[in-house]
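Report on the following structure.
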Amino acid sequence: MNALIVVSAVCVFDDTGRLLTVRKRGTDKFMHPGGKPEAGESPAQTASRELAEEVGIVLAPEALALLGIWLADAANEAATQIEATVFTAPGVWSARPSAEIAEIRWLDLAAELPDDLAPLLTDHVLPALTASRR
């Protein structure tokens, strides 16, 4: 039986349209900024808090737009699935790694994708983003 982790994540873009990805310390997969909810938080509140903590982007929860909710294999935990509520942030941003983030990388969605992306990103979010940008 797989464990289930509930998370929220945010798609953030820079002024050239690249997608922000982050790598947490001690892991090798890149994913969205985001994480697990604290008691009483809505998915959007979680996403907003994690965005500020991890990459220094401050955005009100109500400013986030829902992209989708998906089940995916967890990138860094064996035999674990995540239920991810994924939002998009309006506007363009710059980011800096903080908290548990070891590295940030801006992803050009038109280029060949690296092979170190989290399953949620490759299996669900990137196809949804591609469809929404047509």
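Please determine whether any residue of the range 16-37 is among the acidic types (Asp, Glu), modelled with pLDDT of 95 or more and either out of contact with any Asp or Glu (no Cβ under 9 Å at 6 or more places or on another chain) or assigned to a loop (DSSP other than H, G, I, E, B) (or both).
Checking the range 16-37: not a single residue is among the acidic types (Asp, Glu), modelled with pLDDT of 95 or more and either out of contact with any Asp or Glu (no Cβ under 9 Å at 6 or more places or on another chain) or assigned to a loop (DSSP other than H, G, I, E, B) (or both).
Within the bounds of the range 73-80, is there any residue that is modelled with pLDDT under 90, acidic (Asp, Glu) and touching a strand residue (DSSP E or B) at 6+ places or on another chain (Cβ under 8 Å)?
yes
Restrict the check to the range 68-80 and report whether at least one residue is assigned to a loop (DSSP other than H, G, I, E, B) and closer than 18 Å to PRO127 by Cβ.
Yes - at least one qualifying residue is present in the range 68-80.
Being of a type in the set (A, V, I, L, M, F, W, C) and within 18 Å of ALA99 (Cα to Cα) narrows it down to one of VAL10, VAL86, so name that one.
Only one candidate qualifies: VAL10.
Give the residue, chosen from GLU53, GLU41, that is acidic (Asp, Glu), without any contact (Cβ under 8 Å) to a residue 40 or more places away in the chain, surrounded by 12 or more Cβ atoms within 10 Å (Cβ to Cβ) and not in a strand (DSSP E or B).
Answer to the selection: GLU41.
Kindly indicate the residue of the range 1-20 that is charged (D, E, K, R) and more than 14 Å from the chain's Cα centre (by Cα) and also surrounded by the fewest Cβ atoms within 10 Å (Cβ to Cβ) among those meeting that condition.
Taking the candidates together, the pick is ASP15.
Assess whether ILE57 counts as being out of contact with any helix residue (DSSP H, G or I) (no Cβ under 7 Å at 6 or more places or on another chain), β-branched (Val, Ile, Thr) and at pLDDT 95 or above.
For ILE57, the condition - out of contact with any helix residue (DSSP H, G or I) (no Cβ under 7 Å at 6 or more places or on another chain), β-branched (Val, Ile, Thr) and at pLDDT 95 or above - is not met.
Among the residues of the range 74-93, count how many are over 12 Å from VAL7 (Cα atoms), surrounded by 13 or more Cβ atoms within 10 Å (Cβ to Cβ) and in contact with a Leu (Cβ under 9 Å, 6 or more places away or on another chain).
Residues that pass the stated criteria total 5.
The values are calculated or read from the model by the stated rules, or taken from the named source; none is laboratory data. Every value quoted in this text rests on a predicted model; they were computed, and no experiment measured them. As a convention, Cβ positions derive from the backbone with ideal geometry for all residues, glycine included, and neighbour counts pool all protein chains shown.
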